[in-house]
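We did not get these values from a lab; they are worked out from the coordinates using the rules stated. Nothing here was measured: the structure is a model prediction, and the numbers come from that model. Cβ atoms come from the backbone with ideal geometry, glycine included; neighbour counts cover every protein chain shown.
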Amino acid sequence: MAIVLTTDAEVDMWIPNFAVFGAIGLLCLVFTLIWVPETKGKSLERIEQELRARVAT
């Protein structure tokens, strides 16, 4: 069994990576909540009408 030891410098490099990953995740969440329409319980025809109305304006 191998034991992997990491130094403080390596751990310090992980923090910005996880911060960037988390920021991208939050931006994706905001985009989805604002711009992706809810389609649950709607017919395909109704969804198409709403999307066409969005593009026309």
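Might you check whether a residue that is more than 16 Å from the chain's Cα centre (by Cα), touching a residue at least 12 places away in the same chain (Cβ under 8 Å), assigned to a helix (DSSP H, G or I) and at negative phi occurs anywhere in region 34-52? Yes, the conditions are met somewhere in region 34-52. For region 1-33, the tally of residues that are among the hydrophobic types (A, V, I, L, M, F, W, C) and either touching a Gly at 6+ places or on another chain (Cβ under 6 Å) or in a loop (DSSP other than H, G, I, E, B) (or both) stands at 5.
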